[in-house]
Amino acid sequence: MSARITGSGLCVSAGGTALLRSVDVALHGGEVLGLIGANGAGKTTLLRALLRLVPLDAGAVRLNGRDITQAQPHAVARDVAYLPQDRAVFWPLRVDRLVALGRMPHGGRRWFVGGETPADRAAVERALARCDAAYLRHRAADTLSGGERARVLLARALAAETPALLADEPAAGLDPYHQLAVMAMFREAAADGTGVALVSHDLALAARFCDRVVLLHRGAVLADGPPAQVLTDANLARAYGIRVRRDADGTPVPFERVGAPA
């Protein structure tokens, strides 16, 4: 099963400042979509807007062709998993119990009263393995390093086994090995039909692993398309105020500042 999420004419403001300006975006099953742009460009706001976690000034969000506001929250949670940017954990919950929270849309409360199903247990085990976190299962979540915690929280989102996954900077704080492993895992999920939308500040990872990227600039879409068409020198200079060098395969690597973003 796959899910399609579309946002049309999305406008969001806060304190009189426009955060999103008539943004159109779509996530299809079986693709990895990268949301990129400078700090404050609107990436996190866009993810949250797609889940109606922030109020819209204008526009509409549809999940599988239906206005998302007409769907019950638990039904949305069975179709879309969300990994927020905030990685804080304030309680000494055991890691496997924390990951099992991802099963709650499927009745996973049973996990805490000893009534978890074989499907719950299998989903938790799969998620821990995919995030290279199985060895952490008996650790208290508040004792983990930043990178370990990021992988465990990603495992919680994956445990829901939803047709769509929205992840805000999932590779942030990870060492290079686990950055590559997580991005490869997203590609595998897309190959199985999952639609993945992720926020990234790493242009090289976006260029290599994303099928499509949306470049946001001051709350609007500057470019949307395959990485090679979006990550041009002109677009990157305008959006980030940088000049890049390119690897042999054309992957952009930030090299120097050329001025403030236009």
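The values are calculated or read from the model by the stated rules, or taken from the named source; none is laboratory data. Treat the numbers as computed from the prediction; the structure is a model and nothing was measured. Heads up, the Cβs are rebuilt from the backbone with ideal geometry, glycines too, and the neighbour counts pull from every protein chain shown.
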Name the pairs whose Cβ atoms lie under 6 Å apart, with the first residue in region 134-149 and without any contact (Cβ under 8 Å) to a residue 12 or more places away in the chain, the second surrounded by 20 or more Cβ atoms within 10 Å (Cβ to Cβ), and 6 or more positions between them or separate chains?
ALA134/LEU128
Give region 26-55 a look and list any residue that's β-branched (Val, Ile, Thr) and either farther than 21 Å from PRO170 by Cα or surrounded by fewer than 23 Cβ atoms within 10 Å (Cβ to Cβ) (or both), or say none.
THR44, THR45, VAL54
Here are LEU180, LEU198, LEU215: which of them is at pLDDT 95 or above, within 30 Å of ASP96 (Cα to Cα), in contact with an Asp or Glu (Cβ under 8 Å, 6 or more places away or on another chain) and not polar (S, T, N, Q)?
LEU198
Taking the residues in region 186-245 that are among the polar types (S, T, N, Q) and either at positive phi or in contact (Cβ under 8 Å) with a residue 40 or more places away in the chain (or both) as candidates, determine which candidate is surrounded by the fewest Cβ atoms within 10 Å (Cβ to Cβ).
THR194
Matching entry among GLY102, GLY30, GLY7 (being touching a Gly at 6+ places or on another chain (Cβ under 8 Å), part of a loop (DSSP other than H, G, I, E, B), closer than 15 Å to ALA164 by Cα and not β-branched (Val, Ile, Thr)):
GLY30
Can you tell me which condition GLY30 does not meet? The list is (1) in contact with a helix residue (DSSP H, G or I) (Cβ under 6 Å, 6 or more places away or on another chain); (2) on the phi < 0 side of the Ramachandran plot, and all the others hold.
(2)
Conditions (1) over 30 Å from VAL221 (Cβ atoms); (2) under 21 Å from the mean Cα position of the chain (by Cα); (3) assigned to a loop (DSSP other than H, G, I, E, B); (4) free of Cβ contacts under 8 Å to residues at least 60 places away in the same chain -> PRO92 fails only (2)
Output yes when any residue across region 133-149 is assigned to a helix (DSSP H, G or I), farther than 20 Å from ALA197 by Cα, among the basic types (Lys, Arg) and in contact with a Leu (Cβ under 8 Å, 6 or more places away or on another chain), and no when none is.
no
Can you tell me which residues in region 12-38 are under 20 Å from the mean Cα position of the chain (by Cα) and under 14 Å from PRO55 (Cα atoms)?
VAL12, LEU19, LEU20
